[in-house]
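The values are calculated or read from the model by the stated rules, or taken from the named source; none is laboratory data. Remember, it's a predicted structure, so these values are computed and weren't measured experimentally. A quick note on method: Cβ atoms are made from the backbone with ideal geometry, for glycine too, and the neighbour counts reach across all protein chains shown.
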Amino acid sequence: MPVLTLGINHKTAPVALREQVAIGDERLPVALRSLRQSPAVAEAAIVSTCNRLEIYATAESGEEGQLTRSLIEWLGEFHKLEPGEIEDCLYRHTGEAAVAHIMQVASGLDSLVLGEPQILGQMKNSVALARNAGTLGPILERLFQSTFAVAKQVRHETGIGNNPVSVAFAAVSLARHIYSDFSDLKALFIGAGETVELAARHFRQQGVTDMTMANRTLANAQKLAARFDGTGVLLGEIPACLEQADIVIASTASPLPIVGKGMVEKALDRRRHRPMLMIDLAVPRDIEAEVRDLHDVYLYTVDDLEGVIQENLESRKKAAREARTIIHTQAQKYLAWVAAQENLDAVRALREKVMAMTDKELERAMQRLRKGESAEAVLTEMSRRLANKYLHTPTVQLRQAGERGRQDWLKIGRILFELEQDD
């Protein structure tokens, strides 16, 4: 039963289209049950994030083409989109390529930021929702368990996530060099854009809970602050906030610096010269360069981080190559397991067929014995009838194989029925 992946991501579609096909966690169970109603779908799971939507499915009949068409049609119908609106942005993987792709996604090799770990948690959550919705079966269940094990192996053996490759995460890494414990730190974020939000998320994950967001528009500051249980303030309140801030992250679109040397100097006096980490992620800069000259201030800019990021990116690329080797090996193991299941199904079907024929002949023989017929005659006929039934299909197939010149079939037949002659 082949696995198929159908998806749309940041490489194939603009954000506007990705927003249209995104499915929130609250709608995933409905979507999964709707998808499973398609006669072509045997098992299904859906992963939906800000950067991708992917459907993982197995075919009910083993027909990949029919399954692909069904998934595309379902995606259009569910989102009320014409297939032509999304078809050019979709990618498809089947068989080994599908298995390897799923493992690469879980390991962060297909992410916007190479090696980012969030996707693994998102995939685990999606799989749990599919399991609860009853759309997982043995094939996908085993695939995801193998995938999660591979992602763990990749992270532990290659170090793909050890080095920051985004300025927001690099800021956290810098902070670790100055502060050993983040739990009692106060952070001031200047700006309310994507970079500031990402930085706030990283610092929150490291244990910073006291956050203040400063922005030109109070509503925007408060909206972002609410996501982190923080406080939103206007830019004019920065001087008062600085004296409390252990960490300052700035990233606005202001053409002129927002934080000057004198402002920081006064804050340091009131802080009794407790150290302050300031990271300016803006271009043009939000923090005056002269602030670097002050004692007890550690000021870094985007330029300071770029070299670290580039070096770390090269390190992650090397780790990604190592990860793909691991994924190839584990994908082969999973496919071998699938093949074994198919073989088991064939063996089970053969045994059931033979047992059914045997039971039928046994019942026929018992009826004749109950009528008083000779046991020797009944058993002789039963054995002859069973031999004919067992051998009919193999004999016909082997004869036809010989007529077609299929020596490989004849060789397999000899092995299966132990017909090999002694040398």
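Quick notes
- Of all residues making up segment 61-78, the number that are crowded, with 17+ Cβ neighbours inside 10 Å and either assigned to a loop (DSSP other than H, G, I, E, B) or not assigned by TED's automatic domain parsing to the domain that holds Thr135 (or both): 0
- Summed over segment 389-409, residues that are touching a helix residue (DSSP H, G or I) at 6+ places or on another chain (Cβ under 9 Å), modelled with pLDDT of 80 or more and not basic (Lys, Arg) total 9.
- Flag for Asp246 being among the acidic types (Asp, Glu) and either within 22 Å of Val167 (Cβ to Cβ) or in contact (Cβ under 8 Å) with a residue 60 or more places away in the chain (or both): yes
- Test for Val196: is it in contact (Cβ under 8 Å) with a residue 40 or more places away in the chain, surrounded by 14 or more Cβ atoms within 10 Å (Cβ to Cβ) and either in the same structural domain as Glu116 (by TED's automatic domain parsing) or not in a helix (DSSP H, G or I) (or both): no
- Scanning segment 376-420 for residues that are in contact (Cβ under 8 Å) with a residue 12 or more places away in the chain and farther than 24 Å from Ala356 by Cβ yields Ala401, Trp409, Leu410.
- Within segment 252-265, the set of residues being closer than 19 Å to Leu234 by Cα, in contact with a Leu (Cβ under 8 Å, 6 or more places away or on another chain) and not β-branched (Val, Ile, Thr) comprises just one member, Met263.
- Just one of the numbered conditions (1) surrounded by fewer than 17 Cβ atoms within 10 Å (Cβ to Cβ); (2) within 21 Å of Ala128 (Cβ to Cβ) is not true of Gly84: (2).
- Number of residues in segment 322-342 that are closer than 14 Å to Ile139 by Cβ and without any contact (Cβ under 8 Å) to a residue 60 or more places away in the chain: the value is 3.
- Just one of the listed residues (Glu373, Glu361) is in a helix (DSSP H, G or I), of a type outside the set (A, V, I, L, M) and on the phi < 0 side of the Ramachandran plot, namely Glu361.
- Complete set of residues in segment 18-41 that are assigned to a helix (DSSP H, G or I) and either within 11 Å of Ala130 (Cα to Cα) or in contact with a helix residue (DSSP H, G or I) (Cβ under 6 Å, 6 or more places away or on another chain) (or both): Leu28, Pro29, Val30, Ala31, Leu32, Arg33, Leu35, Arg36
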